[in-house]
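Since the structure comes first, as C-alpha cells, the remarks are kept for the end.
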Amino acid sequence: MTGRQSIVVNGDLGSGKSTVSIELSKRLGLRRVSVGDLYREMARQRQMTALQLNLHAELDQAVDGYVDQLQQDIAASGEQLIVDSRLAWHFFKDALKIHMIAEPTEAARRVLARPSGPAESYSSIEEAKAKLRERSDSERNRFLVRYGVDKAKLRNYDLICDSTRASADEVVEHVIAAYQGSLGAEILRDSPPLLLLDPARIYPTVEIQSLRGMWDSDDVVARVGQAGQRGLEPLQIGYTGERFFVIDGHRRLSAALRNGFRLVPGRLVAEGDEPVVGGLSAIEFFRAEVGLSTIYDWDAAHGTQLPLPEHILDRTDTVLAGESGRPSA
C-alpha cells in the first residue's frame, strides 16, 4: 500500500468502524468523511430510524442515488481521505479498503451502551442483536439488487479487522502498518484480504490428540510471544460466511492464544463455496472437520469458549429428539 491512497472503512453497527476511522484521521492527519452521519440525518429529517430508512431505500431509489452521487463525487475529487461508509469500497477503486467485524453479542452490547433516541433504543442484548442483523440483511439485499455486489464477501476488501477484544489503538496500529507497507505487504499485493482476527474466535479443524506435541514444549509459545502479534506468520484461514477456521497453523494459533494475543494475521484460503481441498468447499470442509469434541478439547486447552456452530447444534437436537422418542425400558 502507498501513503497516497485514501482509506475507506466499512462494517456493521458495533464493529468499531466509526471509532477506528476517527482515530485513523487523527493519526494520519487526513480529513474524515462519514456517510453514516449523512444517512442518519436523512433518517431524522424523515422521522425514521436508520433501519426504516434502509427498508424505504429498497423501494425509493432516490435515497441511495443521492448518497451514491455524493460518494462518487468525493472519490473523483482525488483528495486523500478517511471515509467511513458502508459502500465506499465500491466507489473508491484505489483506496485501502477496510472491513470491520465484531462478534454479534459484543457488537450489540456496544450499541446498547450508546446514548440513543427513543426511535432506535433497544431493551435487551437479544433485541439489539436481532435488529442489527435485520438492518445488515436489509443493506446486503439492497446492495445485491441495486449494485450487484455482496458486502459480506471478504474478497471485496483489502483488510479484515476483528475488534471483538482488540482495542481501537491496536486495530489502528495494525491498519497503519498495513497502509505503510510493514504488515502483510505480500498478501495485500497478491491475494487480499489480509485478515486480522481474534484468535479466540478461530475454530480448529483437527482433533487435539494429533496436536499433543505442541503442549509439551514452550519453545513455540516463547518464540511467538517474542515476535509479537504483528510478527506472527499468517495463518491459513477458511471462512464459512459466518465462522473462521484454521486450515494450516494450529501450532501458531495455539501459541497466540497462550500469549494472550487479541489479533493474529491470516491469509484467506477459501470462503463460502470456494474450494479448500479435495473438492470440498469452505462450508463443507468446516462441517466435515469441526466436531463437538474438536471444539470442547480446544476450548479446554486454551480457556476459550467457541460457540457451537449450527451443524453441531442440529445434530445434537436430532440425537436428543431421537432419545426422547425411545420407549422407556
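Every number here is computed from the coordinates shown, using simple stated rules; none is lab data. All of these numbers come straight from a predicted model, not from anything done at the bench. Counting neighbours? That spans all protein chains shown, and the Cβs are built from the backbone with ideal geometry, glycine included.
General observations
- With θ taken as phi - 60° and the Karplus curve 6.51 cos²θ - 1.76 cosθ + 1.60 applied, the whole-hertz 3J(HN,Hα) list for region 177-183 is 4, 5, 4, 8, x, 9, 9 Hz, x standing for glycine and proline.
- Straightening the chain between Ala222 and Gln209 buys 2.5 nm, computed as 0.36 nm per residue apart minus the Cα-Cα spacing.
- Charge dipole (the chain, unit charges on Cβ, about Cα centre) - positive-most of Leu24, Val111, Val277: Leu24
- Full extension of the chain segment joining Ser182 with Glu310 gains 42.3 nm, where the gain is 0.36 nm per residue of separation less the Cα-Cα distance.
- Modelled FRET efficiency - R0 30 Å, Tyr66 with Arg27, Cβ distances, 0.05 increments: 0.45
- Estimated FRET transfer efficiency when R0 is 22 angstrom, pair Asp273-Arg146 (beta carbons, to 0.05): 0.45
- Exposure proxy ranking, count of Cβ atoms within 10 Å, fewest first, for Lys151, Lys97, Lys131, Lys26: Lys26, Lys131, Lys151, Lys97
- Burial ranking of peptide ranges 184-190, 247-253 (average Cβ count within 10 Å, highest at the top): 247-253, 184-190
- Only the Cβ atoms of Lys and Arg (+1) and of Asp and Glu (-1) were treated as charged; on that basis the dipole of region 7-160 about its Cα centre amounts to roughly 280 debye.
- Remark: Tyr179, Tyr157, Tyr296 ranked as Tyr296, Tyr179, Tyr157, counting other beta-carbon atoms within 10 Å and listing the fewest first.
- Annotation: the antiparallel percentage among DSSP beta bridges lying fully within the chain is about 25.
- The charge dipole of region 198-317, taken about its Cα centre with unit charges on the Cβ of Lys, Arg, Asp and Glu (plus for the first two, minus for the last two), comes to roughly 520 debye.
- Note on Ala300 and Asp137: the model spin-label points, each 7 Å out from Cα along the C-beta direction, lie 3.7 nm apart.
- Beta bridges per DSSP with both ends in region 198-317, % antiparallel, nearest 5: 40
- Ordering Leu159, Leu292 from the fewest to the most neighbouring beta carbons within 10 Å gives Leu292, Leu159.
- Debye equation applied to the C-alpha atoms of region 198-317, log10 I(q)/I(0) at 0.13, 0.15, 0.18, 0.21 Å⁻¹: -0.49, -0.65, -0.93, -1.22
- Packing-based ranking, highest mean first, of 164-177, 35-48 given that Cβ atoms within 10 Å are counted: 164-177, 35-48
- About the centre of its Cα atoms, the chain shows a dipole size close to 740 debye [charges on the beta carbon of Lys, Arg (+1) and Asp, Glu (-1) only; nearest 20 debye].
- For Ile74, neighbours were defined as the other residues whose beta-carbon sits under 12 Å from its Cβ, and their charges (Lys and Arg +1, Asp and Glu -1) total -2.
- Taking every DSSP helix (H) stretch of at least 4 residues in the chain, weighting each as -39,500 (n - 2.57) and dividing the sum by the residue count yields a mean residue ellipticity at 222 nm of -14000 deg cm²/dmol.
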